[in-house]
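A quick write-up on the structure given underneath.
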Amino acid sequence: MLLDGSNTHTLQIARELKSCLSVDILGVGSSPRAFLLRSKYPSLRAVTKSDSIEGYVEELLHLIRRYRPDFILPVGYSSVAAVDIVRSLMPACATWLPSTEVLKTCLDKAKVLEVARRIGIDTPAEYGHILIGSSGSNGANLDMASLATVRFPLFLKGSLEAGVNLTAKIDTADDLLPKYEELKSRTTDGRVLVQEYIDGDKSTIGCAFLIHDHNVVLSFGHEELRSVPRTGGSATRIRTYLDPVLLQDSARLLHALGFDRGVALVEYKKRRPGSYALMEINPKFWASYTLASRCNYHFAAEMVGLHLGLPIKKRRQKRALEMVFPLREAGYVLGNRDSESLIASAKAMLWPPAKWDMSLYDLWLAVTPLSRFIKIATNNRLSRRHR
């Protein structure tokens, strides 16, 4: 059972599973128009309708009882959280997630950074002490004496992963409190980290792992050259980046966290001297997974194949590939036209030349609902004109 059918990288996971394994896929999405459900890959399709995590869990339990899948593969944060609850209610269901305790730790950036510092991995400096009353409900105030000791810009991020972007670059002290309170209001637990802004290379480094019984089954590295939002998020230009020392340190961190099984992406920013500062861990399939899969690092197929004892078709792994995500880039630019340049964005996608994340088939799946929407909108406009 493959969840999160509306995510474009779920489509790549489905393609990989069908290419590398002899399996049937039950595709699950939040709409009949989801990429996966309109694709050729699922043998069965199901739609979930609930917007709440509780409702989603109930729908998943119903689907599991009805179809009895041999394996459940969540892709996004909501599905990871829901499947974690499902397995506590139905222990016999098969999935590869870390234990609930480890999963909660990985989703808490403050706890991850604390463990990293303890084992000697570099992390951004923390400046939470410049805020007084930050844990209260009446709003925080600045400690002016402490504020004088820090250098701007600073970086704010929600401590608890919520599946949405909760970050902000702060250039001046005047911007700090308003943005802090805004982010705090959007968190689920009211915790916002105040950190040093890593002002080295603009790119983000990701070290990806498939873990089983605390052992590394597969690892891969990439460098995000461009992302949306620009302060860090989902990649729109990315390339392979295989640094053995960084991969080793990342594996050491996962071991220290007790990460027992599943996929994880350990993310870093480059400092000016060339060293790396840890950002966070994402215990799920990452949005730019297509690069790893196209390089024949088949995390999803390895996971399902190993669990079910199925033969996995192996292909020679590629160690150098650059990829762009033009639809993701275009969507961001169109939604931020006041601050973004369509021409600059197009240049960044077209040069230097790189592989597209989407095949022509994927592009057709993406464009079809858009064309239908345009047709409906045009017909509605014409009908109003002739009334």
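The table below gives the values:
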| item | result |
| --- | --- |
| From the options Arg230, Arg252, Arg186, residue that is closer than 26 Å to Ala346 by Cβ and of a type in the set (D, E, K, R) | Arg230 |
| Those residues of region 212-224 which are over 15 Å from Tyr289 (Cα atoms) and either in contact with a Gly (Cβ under 9 Å, 6 or more places away or on another chain) or not acidic (Asp, Glu) (or both), in sequence order | His212, His214, Asn215, Val216, Val217 |
| Residue count, region 69-92 (criterion: within 24 Å of the chain's Cα centre (by Cα) and either of a type outside the set (S, T, N, Q) or assigned by TED's automatic domain parsing to the domain that holds Ala264 (or both)) | 15 |
| Selected residue [crowded, with 20+ Cβ neighbours inside 10 Å and modelled with pLDDT of 95 or more] from Val86, Val47 | Val86 |
| Looking only at region 344-360, and only at residues there that are surrounded by 12 or more Cβ atoms within 10 Å (Cβ to Cβ) and in contact (Cβ under 8 Å) with a residue 24 or more places away in the chain, the one that is nearest to Leu291 (Cα to Cα) | Asp357 |
| All positions within region 97-113 that are among the charged types (D, E, K, R) and either surrounded by 20 or more Cβ atoms within 10 Å (Cβ to Cβ) or modelled with pLDDT under 95 (or both) | Lys109 |
| Qualifying residue in region 53-61 (condition: farther than 23 Å from Ala287 by Cα, touching a Lys or Arg at 6+ places or on another chain (Cβ under 9 Å) and of a type outside the set (Val, Ile, Thr)) | yes |
| Lone qualifier among Arg328, Arg337 - being closer than 25 Å to Asn7 by Cα and not in a loop (DSSP other than H, G, I, E, B) | Arg328 |
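A quick yes/no check of all residues on (1) surrounded by fewer than 16 Cβ atoms within 10 Å (Cβ to Cβ); (2) not hydrophobic (A, V, I, L, M, F, W, C):
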residue: Glu161; (1), (2): no, yes
residue: Leu166; (1), (2): no, no
residue: Ile170; (1), (2): no, no
residue: Asp174; (1), (2): yes, yes
residue: Gln195; (1), (2): no, yes
residue: Phe209; (1), (2): no, no
residue: His222; (1), (2): no, yes
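The values are calculated or read from the model by the stated rules, or taken from the named source; none is laboratory data. These figures come from a predicted structure and were not determined experimentally. We place every Cβ from the backbone using ideal geometry, glycine too, and count neighbours over all the protein chains shown.
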